[in-house]
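Each reported figure results from applying straightforward, stated rules to the coordinates on display, with no laboratory input. Here the structure is a predicted model, which means the values were calculated and not measured. For neighbour counting, all protein chains shown are included, and Cβ atoms are generated from backbone atoms with ideal geometry for every residue, glycine included.
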Amino acid sequence: MQDANQGSVDPEFQQGIEDRESSPHEIPSLPVGQWLRQNLFSSWVNSVLTLFGGFLAFFALRGVLNFVFSENRQWDAVRTNLRALMTLSYPESQYIRVWVSLGFVAGLAGLSAGLWANWGGVSVKRVSTWLMGTGGLLAVCVIVREPSVILGSDGKVVRTLEGSLQRESFLDAMVNRSSWWIAAVVLLVAGIVLWRRFASATHRGSELPVTSVVFLGLGLAVLSLWIAPYGHYAFISETKSYVAESGRTVAFSTKLPWTVMLALLCSFFGLGRLLQRSEYGGLIKGASNLLWLVSPLTLFWVVLRDPALDYGHVISTDLPMGLAFGALGGAVLWSLTRTGVGEAGRLVATMLLGFAIFNWVAAFFGWYPMLQKARISFLLLAFAALLAPNFMGEIAKRRQLVLGWLGVTALVHYLATMINTPSTVEVQSSEFLGGLGLTLFVALIVVLLSFPLGVLLALGRTSKFPIFRMLSTSYIEVIRGVPLISVLIFFSVMVPLFLPDGMELAELAAVLTGYTLFSAAYLAENVRGGLQSITKGQYEAADAIGLTAAQRTSFIVLPQALTVSIPQLVGQVISTFKETSLLAIIGLFDFLRVANSVIPAQSEFLGVKREGILLVAIIYFFFNFTISKYSQRLERRVGLGER
Amino acid sequence: MWRLLATLFALALAASACGSSDSSDDSSASGSSSDAEETEVTLAANGESLLDTVKSRGTLNCGVSGSAVAFSELQADGSMAGFDADYCRVVAAAILGDANKVNFVSLTAAERFTAVQTGDVDLLMRNTTWTQSRDSEVGMDFGPTTYYDGQQLMGRESDGFSGSSQVSDVGGSVICTSAGTTTEKNIADAAAEAGVSIELQTFEDFDTVTNNFISGACDIITTDGSALVGRKAKQQPDGENWVIFPATPISKEPLGPTYGQNDSAFADAVNWAVYATIIADEKGLDSSNVDMMLSSGDTETIRLLGGEGELQSGMGLPADAFYQVISQVGNYDEIYSRNLNPVGLSREGSANAAWTAGGLVYAPPAR
């Protein structure tokens, strides 16, 4: 049955998917009282549990609210340090680069969303429930929160004679929170109106497009930047002074870029929708996929590029060298794959390997100076030459190998030139990239790089060839047997000591390498779990229709295995993202460290730690929850767990 | 077959040719710290000084704490500020003529000495106490003390403590401090000597210690006096009065510049840059009047600022090195007031007053 679905999806199955997507959880709505009786108070045990849970939720909510709105909280510490939390030392004059790269991502995201506009709809009922729920929660929050402490004319708290704090009366508190009330009531009313108009029996199943709901939400958020008085908080570098003006809208340098981001997102979405219908739709989809693959490299280029990058050096050395390796290596591989090369080809490949290894040995004694890139390229070329017999014969196969070689050369030379460039941006401290920027950057790159490596390792571990199996297994077991901290310390402290004279590894490159290798080992095990779920019949069927091993793996085995492992893979992405906070151990300033030890050490905000940490927790939750939600959607779409 | 080998040979030649021209290029072009490390190691082997390395590199790598309030703190824009950070700038201004040519490296207490030994940093300005073992066994040399600190205790006035309390008054109290520091040992020794029994609790960092003091879990907290004053100024709730005692600290913590040993030229440059700020303070020379004093000061002032008979050129510094220090960063008093007054530390009556005012801050004469 599954086989049939692989090739052409049968209409019934397709129908099934659409049904699931369009009407998730169709629960007949009950009257409130009956619903409560059935779900919360069905037995006395349930009633006790409900009451107990309710009390817990009440006190937790009250505790959080009182913490957030306590007169002891110094939220100014977080507000004025937002820039430090986001990018730390990244120079303000170079901020345009961050915005340009964010704009690139926004545009690309919009384009892709438009091209694949099968976002479906969200039922009006859900939107209205959500609106009412938010409004109701807001109203509960307003009531539950402790009345504020009265501040005297000097801005200090007023105490009673016994020394306890004087709080406003409950009624005063409710009146003073009128703006919150208004927001709650607006949300509630909007929800109820929507419910009444569209969720009635006649409109059953009516839907709003997901994208317009999302764009409306984003639009309102950006609009609020222009009109809502969030306050203007900043640290002025020139005068070393803090600005804290409440009642103003945020700085122009914040609202304008975000507006541009939204405009880019929207316009590219529209463009995507237009192009989707054009005859080049398929081609453009391919191009946008390619752009996604290239974009991390572009971000390297735009965000991390040394402003004083020596283009002369790039043109005189890096570029010719890359071209030389590409062309000559391609020529070598082309001639090695001729029919009739036979044993000579193996001999040449072995000699190449020997030469490459000799170069590395020589490097440690400083005998034979050459750029690291050349050593890496020779090693890669040797491996490619060893693979050559597999591509022997037909022109198409030979071309594949040569094109693959050109791609790998271009990628490796690009990364070696760009990543390992010491930055000379004028910063007052050594921490060039920090804060949330560092966290996201490391997480993104590690996930992207460790994915292919992990898949290869998993295939190696399940391979028939003992050498691949042994190498992959020992690699995975060694890496999994060591904690991440020790891998990071090894790469940031030990590896630079092993490197021969004249060779250096930027701290960030060391971290990315170590973390990627670590993450790949875990990812490999997740993928192997998926591989083991593929029945033997699949392999036999693939062999029976005459697929080669490579075709069988890429068209039959991997698609199924990866689908099965989606939940574990997403778990891996989330834990990779969270574990970036370990970068603090080797001296990098990720944004948890900024909140935990940089802000509390500023004499202006001495010891103010909890506010920052709460914000960091919220941001972590936001990102991880989004990832998790997206993966649930993905799982539903591929029908995981429902077969 | 032969054609293949010939191609390969050509490829290897081409790569190694551009490779070799390249590696020399790289080391001169890039200015990163690990690159400098290698240069430093080779120079040290040739018996040359770190002073020349710093000059040829064009930046001073200065190790600081990065989370020491008022001494070195990362600001909201990522820049480094504080007393120690300013002394890094003093040294940079003296050697390189530009106070901004500092590359600050945030170091933990554990990694600071290794960072000097491996050449990651040229100089430590990381509130490091000058002790005999560090001077001898660890292989460090210490410059003139820039700040005289000492461990003290802080309690609540409502608990019966006052500025004149002694260690012998704290019997039976819960005393808190941060874990893994010498403060823990110092207070235990002092209590044993005074013959009182205390309950010692340690926490991960001093923020946590202070929070426990505020919540009442700790009766007394103890660490360096400078930190206690800062905490009192910023975190004392109204309605409470915290007092710091004993008047004579229970330990001596002279803090100052630290660098690798046996590099006399670099040590002289650092030491005299620090002395210059102290002499300028004695002479009433500060960043606002330094241009005027260049012509109207006494002989020693003019010599110090690079006028006739200056001594800086002989020690490998530019003649106007200390003029740059005073005009770009300021004298000792300016540096002190700018950074330490806001957290409640004042010079008057403390060990950090000038020797003419009864303190310990003293510099040898510039002649």
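Between B:54, B:274, B:121, the GNM of chain B built on Cα springs shorter than 10 angstrom shows B:54 fluctuating the most.
Counts of other chain beta carbons within 10 angstrom of each beta carbon in peptide A:591-601 average 4.
FRET efficiency for the pair residue B:262 and residue B:289, taken as 1/(1 + (r/R0)^6) with r the Cβ-Cβ distance and R0 = 51 Å, rounds to 0.85. Mean per-residue shielding of peptide B:63-73 is 4, counting Cβ atoms of other chains within 10 Å of each Cβ.
Please work out the FRET efficiency for the pair residue A:164 and residue A:293, using the Cβ-Cβ distance as r and a Förster radius of 45 Å; give the result to the nearest 0.05. List each step's numbers first, then the result.
Values: r = 63 Å, r/R0 = 1.39.
About 0.10, to the nearest 0.05.
Per-residue Karplus couplings for the range A:467-475, computed as 6.51 cos²θ - 1.76 cosθ + 1.60 with θ equal to phi - 60°, are listed in order as 5, 5, 4, 5, 4, 5, 4, 5, 4 Hz, Gly and Pro entered as x. Listed by chain and number, the lysines placed with their C-alpha closer than 28 angstrom to that of residue A:578 are A:609, A:629; residues fewer than eight positions away on the same chain are left out. The charge dipole of the range A:310-420, taken about its Cα centre with unit charges on the Cβ of Lys, Arg, Asp and Glu (plus for the first two, minus for the last two), comes to roughly 260 debye.
The distance between label points at residue B:298 and residue A:148 comes to 6.0 nm (points 7 Å beyond Cα on the Cα→Cβ vector). Here the sum of -39500 (n - 2.57) over DSSP H runs of 4 or more residues, divided by the residues of chain B, equals -13000 deg cm²/dmol at 222 nm, to the nearest 500. The label point for residue A:554 and the one for residue A:636, both projected 7 Å from the Cα toward the Cβ, are 3.3 nm apart.
For the protein assembly as shown, a simple Cβ point-charge model (Lys and Arg +1, Asp and Glu -1, everything else neutral) yields a dipole of about 5240 debye relative to the Cα centre.
Couplings 3J(HN,Hα) of the range A:588-600, computed from phi: 8, 9, 6, 6, 5, 5, 4, 6, 7, 10, 7, 5, x Hz, in residue order, whole Hz [Karplus 6.51 cos²θ - 1.76 cosθ + 1.60, θ = phi - 60°; x for Gly and Pro]. Reported to the nearest whole Å, the Cα centre-to-centre distance from the range A:219-282 to the range B:304-334 is 49. Counting only residues at least eight positions apart within a chain, or on another chain, the lysines with an alpha carbon under 26 Å from that of residue A:464 are A:397, A:536.
The relative contact order of the range A:310-420, computed from alpha carbon pairs under 8 Å that lie at least 6 residues apart in sequence, is 40 percent.
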